[in-house]
1. Lys and Arg at +1, Asp and Glu at -1: add these up for the other residues within a Cβ distance under 12 Å of residue 262 and post the number.
2. Please name which of 322, 54, 219 has its Cα lying farthest along the dipole of the chain towards the positive end, using unit charges on Cβ (Lys, Arg +1; Asp, Glu -1) and the Cα centre as origin.
3. Aspartates and glutamates within cross-link reach of residue 338: Cα-Cα under 12 Å, excluding same-chain residues under 8 positions apart?
4. Using 1/(1 + (r/R0)^6) with R0 = 35 angstrom and r between the beta carbons of residue 575 and residue 623, what's the FRET efficiency to the nearest 0.05?
5. From the convex hull of the Cα coordinates of region 154-258, what is the mean projected area in square nanometres?
6. If 570, 485 are ordered by their accessible area, calculated over protein heavy atoms with a 1.4 Å probe, which sequence runs from highest to lowest?
7. Please identify every one of the trypsin sites (Lys or Arg not before Pro) in region 51-155 that sits in a loop by DSSP and has no more than 11 other beta carbons within 10 Å of its own beta carbon.
8. Want the number for residue 155 to residue 24: 0.36 nm per residue separation, take away the alpha-carbon distance, what's left?
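The values are calculated or read from the model by the stated rules, or taken from the named source; none is laboratory data. Everything numeric here is computed off the predicted structure, so don't read it as measured data. Cβ sites come from the backbone with ideal geometry, for glycine too, and all protein chains shown count toward neighbours. Remember, those area values only see protein heavy atoms, side chains included, never the ligands or the DNA or RNA. Shrake-Rupley method; radii C 1.70, N 1.55, O 1.52, S 1.80 Å.
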Amino acid sequence: MCRGLFCFMAGGALSASAASFSVDEIHPPHWWTGMKDTSLQLQIHGKDIRQADFSVSYPGVTVDSVARLDGSPNWQYVYLTVSPEARPGVMKLEWKEGKKKVVKEYELRARRKQKGAQGFTAADVLYMVMPDRFANGDESINDVKSLRHHVAVDRENPNTRHGGDLAGISNHVDYLDTLGITAVWLNPVLENDMEGGSYHGYATTDYYRVDPRFGSNAQYSALVEKLHDNGIKTVMDMIFNHCGSGHPWFEDRPSSDWFNFPDGYVQTNYRLSTITDPYATDYDRKLTQDGWFVESMPDLNQRNPHLMKYLIQNSIWWIEEAQIDGIRMDTYPYADEKEMARWISDVKAEYPDFNIVGECWFGETGGEAYWQKGSPLATAKNPDTNLPVVMDFPLMIKSRDMAPFKAQTDPWNGLNVIYDHLALDYVYPDPMNVLRFLDNHDTERFILTEPETLDQWKQALTILLTIPGIPQLYYGTELLMHGTREGGDGNVRKDMPGGFPGDKTTVFTKEGRSDLQNEAFDFISTLCNWRRTSKAIGEGTMKHFMPTNGIYLYERRAGDDTVIVMMNGRDEANDVDMTRYLEIMPEGKKYKDILTGEIIEPITAVRKYRFAPREVRVLTPVT
């Protein structure tokens, strides 16, 4: 018996080459008993392994089927059932062909008590780290000779490897903790054995191996555990849409339909609107989802059941193995939406509290909202995606109107833009599960040059960290990292000063930061550490007043827990009649500003309040 439409049975006598088969690698490298899904796929890679007869004799484990596909003879897909009665131990897997026999040991492990799979919520602050650019903790792995494409570290070139690694991140967990971070999203850490070095991690060549220039699988698990010990979750970056052209799948294809457009490079049109466009042609839609992102990243065909089983199982393996808490899925809509919805269902069935955010890059809120689970826009043609969290790219785009470098005839227009954007949150099935951000590794930095003052910067960061949703900070934001994508993405992926051998200063200590950087760091740290315990921010409702006379004021509330945010969008002092705000701020009520510790009374009997230029307040009631 074999599964799906991709089985291949060769007839006739066995060739001499087939009789000399080998078993070189098995994925996954081990598995666990007691999983809710009792099905286990083993991907076998070895010379001429396809036709070999497979068997296993182990209590509670049976062979369901063996799939022999129509591609290279060097692949075989074995499907086992690991029943609830199976116990941890070492199985002996056996292959026979003619007189030759190969036996391999395969471990079934006992599941550990879960420390991970906690998910992430609006109570968290995600801190996005590009491992190659954060810190180098082990110079001995800068150049790994065993890789085919071992590229020397060159920090003078912004578009190649700089030597950051897992040890470097581990060395600075205390920095993240002081900043108030509760979840770390690492750009992909899996092997990218690609020409040019592929420092960014988005061209996977081995789905079960951490890139040795970052460290080992054991080091990755140890880092996750250390972060957990400091109250910080881990979000793993994954890519199901494509792999790297250096992956064995591409060089020695398991089946004729393992990749979309298998005959050669056909570029995607990058137009995600075609997927939901009621008037879209089949041609345009196919080009969007099946076209390749770039030539070095061939597009995987998730409709192949053996490939999709492999990808689903791989994500579950990393959750169980490393105890990660969430996944950020790259280029989410470019993959087959029905198969991706099944992936999420399978993961959530195993780990109900786990959370997943998908990169859905749309310029408008409506396009973004469709992709969130529970969208009323789902149809038979475009069914519910099951995706819990989407990324607020429209906010990233619109927040540029608040950036310090933005020349404006109306200096508080940025607050009006944000107000209008948040007023569209009704299109989201769950606004609290929207990932809000100002910039990331694929965009220009929120600030293009270092500002002279932080007045506008502080207002943008306050909004990010206090509105409904899950805030994400890009590493270095707290240090006023700036830059454009001119000359390459490396210019918005700069090294953390002090994280690398030979650096003359270090931003990981107060003494190594400039006065302006310390002001920025302390501002974010104050907000992040405070919001850890704020029920109103983590789960509360929002009520905001339309910006008037330069003032934007809003309330977050959860039961008796209340937070008032108010800011002056003008560059001069602003005398304001506060009567309109009595709806949420009773006259004579006193508040503590969590940013300064001051006790203030915004609405007195005269109902007048003088806002300082660009003043921002985050207030909690004084009882």
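1. -4
2. With unit charges placed on the Cβ atoms, the residue in question is 54.
3. Hits, sequence-local ones excluded: 384.
4. Values: r = 29 Å, r/R0 = 0.83.
Efficiency, rounded to the nearest 0.05: 0.75.
5. With every direction weighted equally, the projected area is 7.6 nm².
6. Details: 570 65, 485 100 Å².
Output order, biggest surface exposure first: 485, 570.
7. Values: sites: 68, 92, 96, 99, 100, 101, 104, 109, 111, 112, 113, 115, 133, 145, 148, 155; in loops: 68, 99, 111, 112, 113, 115, 145, 148, 155.
Within region 51-155, the qualifying trypsin sites (Lys or Arg not before Pro) (loop, at most 11 other Cβ atoms within 10 Å) are 99, 111, 112, 113, 145, 148.
8. Separation in residues times 0.36 nm, less the Cα-Cα distance, equals 43.5 nm.
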